[in-house]
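Contents: one structure, followed by commentary.
Please treat every number below as a calculation from the coordinates, not as lab data. All values derive from a computational prediction rather than experimental measurement. Neighbour counts run over all protein chains shown; Cβ positions are idealised from the backbone, glycine included.
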Amino acid sequence: MVELLPSILSADFAHLADQVAAATRGGAAAIHVDVMDGHFVPNITLGPPVVKSLRRFTDLPLDCHLMIENANDYIPAFAEAGANWVSVHYEACTHLHRSLELIASHGMEPAVVINPATRVELIQEILPMVHHVLIMSVNPGFGGQEFIPFSLKKIRRLAELRRELGLKFKIEVDGGVAHDTVAQIVQAGAELLVAGNAVFGAGAPERDARALLDAARMAEKQASA
Ligand code: DX5
Ligand code: ZN
């Protein structure tokens, strides 16, 4: 079943616990945590201390999307802080296989992320190792950007590749997931939907998470009918 992962990037950080609680009541399956270092992406966000605080507050999986260089240096700290899923960028990891092994060796679920300009075929060899693949449907760094339409083709290609290889990883999509794009994204084959602005942007995260999830589930039903 398709699931919603609210991205706290667009939340009010001064009321983070309340915002996460509201998104959880709205049906969140996990909390998406965007970690940015100001090098790999032109923005800075948060790190293990915030993950640690969230861990005390929620039982939902914490899905940490690392948009950072030298990810290996920080993986132990994210494990210590209580992260559950950790995704690293294909474009930021010189030794991607090693990074994924390191994540798994710390008891977390490893995942790989690809930017819009990166072809799905480039990660084929490591697909058996991952819990999910995150397809970026905007250039990472900021919330509230527009969905890049060719991402749909990449989602379909990845779903096809998964079938060909007989694998079970999930397909996650991040960037511009909103009311007007969600149906096509689900129909293309995405199962984990990250949404920041569409959940937190209007100041009603419970209502807006629920509405987006309902729209996603409706599209899923239509696709399987
Ligand atoms: C962008 C982040 C996203 C971001 C998505 O670099 O990885 O998780 O929060 O934001 P929206 O849903 O607003 O496009
Ligand atoms: Zn993200």
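If the only charges are +1 at each Lys and Arg Cβ and -1 at each Asp and Glu Cβ, what is the size of the charge dipole of region 3-224 around the Cα centre, to the nearest 20 debye?
Rounded to the nearest 20 debye, it is 480 debye.
Which percent, to the nearest 5, of DSSP beta bridges fully inside region 3-224 are antiparallel?
Approximately 5 percent, going by the DSSP bridge assignments.
At a Förster distance of 22 Å, what's the computed FRET efficiency of A77 paired with R98, Cβ-Cβ distance as r, to 0.05?
The computed FRET efficiency comes out at 0.80.
Work out the charge dipole of the chain with +1 on the Cβ of Lys and Arg and -1 on the Cβ of Asp and Glu about the Cα centre, then indicate which of Q145, V130, A202 is farthest towards its positive end.
Of the candidates, V130 comes out farthest on the positive side.
Any idea which of G107, L16, N43 is furthest toward the positive side of the dipole for the chain, if Lys and Arg beta-carbons carry +1 and Asp and Glu beta-carbons -1?
With unit charges placed on the Cβ atoms, the residue in question is G107.
Tell me the mean residue ellipticity at 222 nm calculated for the chain from its helices only (DSSP H runs of n ≥ 4, each -39500 (n - 2.57), averaged over every residue, nearest 500).
The helix contribution divided over the chain gives -11000 deg cm²/dmol.
For Q184 and N139 in the same chain, what is the full-extension length gain: residue separation times 0.36 nm, less their Cα-Cα distance, in nm?
Computed gain between Q184 and N139 is 14.3 nm.
Say each of E91 and F150 gets a label point 7 Å from the Cα, pointing the same way as Cα to Cβ; how far apart are those two points in nm?
A separation of 1.3 nm, rounded to one decimal place.
Consider just the alpha-carbon atoms of the chain and return their Rg together with their Dmax, both in angstrom.
My reading of the Cα-based Rg and Dmax gives 16.1, 46 Å.
In straight Cα distance, which lysines are under 22 Å from K221, not counting same-chain residues fewer than 8 positions off?
Straight-distance partners of K221: K153, K154, K168, K170.
Alpha carbon centre of region 67-122 versus region 139-170: separation in Å?
Taking the Cα centre of each part, region 67-122 and region 139-170 sit 17 Å apart.
With all distinct Cα pairs included, what does the Kirkwood hydrodynamic radius of region 1-57 come out to in Å, to one decimal, could you say?
Roughly 12.2 Å, rounded to one decimal.
Report the residues of region 169-202 in range of a label on Q222: point 7 Å along Cα→C-beta, backbone N strictly under 16 Å from it.
From region 169-202, the list is 178-190.
If the elastic network links every pair of Cα atoms under 10 Å, which of L167, L62, L54 fluctuates the most in the Gaussian network model of the chain?
L167
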